[in-house]
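Working notes for the structure below.
The values are calculated or read from the model by the stated rules, or taken from the named source; none is laboratory data. For clarity, every value in this text was computed on a predicted model and none was experimentally measured. Positions of Cβ are generated from backbone atoms using ideal geometry, with glycine treated the same way; all protein chains shown enter the neighbour counts.
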Amino acid sequence: MSQENQTMYVNGIRTFAPREGAPENLLANAVFSLKELTDFLKSKEVQEFYTEYKGEKQVKVSIWKSRNGGLSFILDTYKQPDIKMQPDQEDDSDLPF
């Protein structure tokens, strides 16, 4: 089941706008709910979007500024199309290499 056109917010991470008078470099304050985040990351809907880096599973997340001044973490559901050339579709261009 592909979620490509559906926004999937990361469960278990909540952000809040910095308090008044906070340093200007502070983007947001965050709370991580470990069980909720772990359950989200282990869910079948998210497993479809696992990638691998150096033998470790990972998920990609986009971070957006929300209307309330906090940040929203959204699961990156983009999947590169699987394009395979058939043997009879080889490139016959006149390139020297």
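Within segment 24-41, the residues that satisfy the criterion of being part of a helix (DSSP H, G or I) and exposed (fewer than 11 other Cβ atoms within 10 Å of the Cβ) are 34, 35.
The residue of segment 42-86 that is farthest from residue 24 (Cα to Cα), among those that are in a strand (DSSP E or B) and polar (S, T, N, Q), is 51.
Quick grid of which residues meet (1) exposed (fewer than 10 other Cβ atoms within 10 Å of the Cβ); (2) at pLDDT 95 or above; (3) within 13 Å of the chain's Cα centre (by Cα):
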{"position": "16", "(1), (2), (3)": "no, no, no"}
{"position": "22", "(1), (2), (3)": "no, yes, no"}
{"position": "54", "(1), (2), (3)": "yes, yes, no"}
{"position": "61", "(1), (2), (3)": "no, yes, yes"}
{"position": "67", "(1), (2), (3)": "yes, no, no"}
{"position": "81", "(1), (2), (3)": "yes, no, no"}
{"position": "88", "(1), (2), (3)": "yes, no, no"}
